[in-house]
1. Could you name the lysines in cross-link range of LYS8, using Cα to Cα under 30 Å and dropping any fewer than eight places away on the same chain?
2. I'd like the Karplus ³J(HN,Hα) series for segment 49-58: coefficients 6.51, -1.76, 1.60, θ = phi - 60°, whole numbers in Hz, and an x wherever there's a Gly or Pro.
3. Summing +1 for each Lys or Arg and -1 for each Asp or Glu, what net charge is found among the other residues whose Cβ lies under 14 Å from the Cβ of LYS38?
4. For SER82, which sequence-distant residues (separation of 5 or more, or a different chain) have an amide H within less than 5 Å of its own amide H, given hydrogens modelled in the peptide plane?
5. Please identify every one of the chymotrypsin sites (Phe, Trp or Tyr not before Pro) in segment 12-80 that sits in a loop by DSSP and has no more than 11 other beta carbons within 10 Å of its own beta carbon.
6. Could you work out how far helix 31-45 tilts from the main Cα principal axis of the chain, as a 0 to 90 degree angle to the nearest 10?
7. With only alpha-carbon atoms counted, please give the Rg and Dmax of the chain, in Å.
8. By how many degrees, between 0 and 90 and to the nearest 10, does the Cα long axis of helix 60-74 differ from the longest principal axis of the chain?
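None of the figures in this text is laboratory data; all of them are computed from the coordinates on show. Just so it is clear, the model here is predicted, and its values are computed rather than measured. Here the Cβ positions follow ideal geometry from the backbone for every residue, glycine too, while neighbour counts run over all protein chains shown.
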Amino acid sequence: MARYAVIKVGKPLTLAELTATKAPPRRLVNPRDEDLVKLANEVSAGPESQVMPWEYEGKPATARLAATRVIRRLGVRVFVSSRPAYPGQLLFSRVPLSGRQRRES
């Protein structure tokens, strides 16, 4: 004999109930990302010869990932780099900075 699964049906809804429902709460934006948006906009509007440092807290890889994610989301032409002479800072510029720097002893 074949077994059939029982279909579970909920209570009926009206159109007014469907349109009156609120959207789920948005994901909270990290304050760091808000600062990065402002910084990326300022760098993209500034001169090409300008390099703006950003002091981050935490891990360097996490800060760089957050910066590149914000830049990609904004769609601006801003480059992120770091230098051994500036520990704990990421450098934002409109032109790519050379990756050939040496560690000072």
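1. Candidates past the 8-residue exclusion: LYS22.
2. Computed from phi, the couplings for segment 49-58 are 7, 8, 10, 10, x, 10, 8, 9, 10, x Hz.
3. In short, -2.
4. Under 5 Å from the amide H of SER82: LEU91.
5. On the way: sites: TRP54, TYR56, PHE79; in loops: TYR56.
Here no chymotrypsin sites (Phe, Trp or Tyr not before Pro) fit, given the DSSP loop and packing criteria.
6. It is inclined by approximately 50 degrees.
7. Rg, Dmax (Cα atoms, Å): 24.3, 82.
8. 70 degrees
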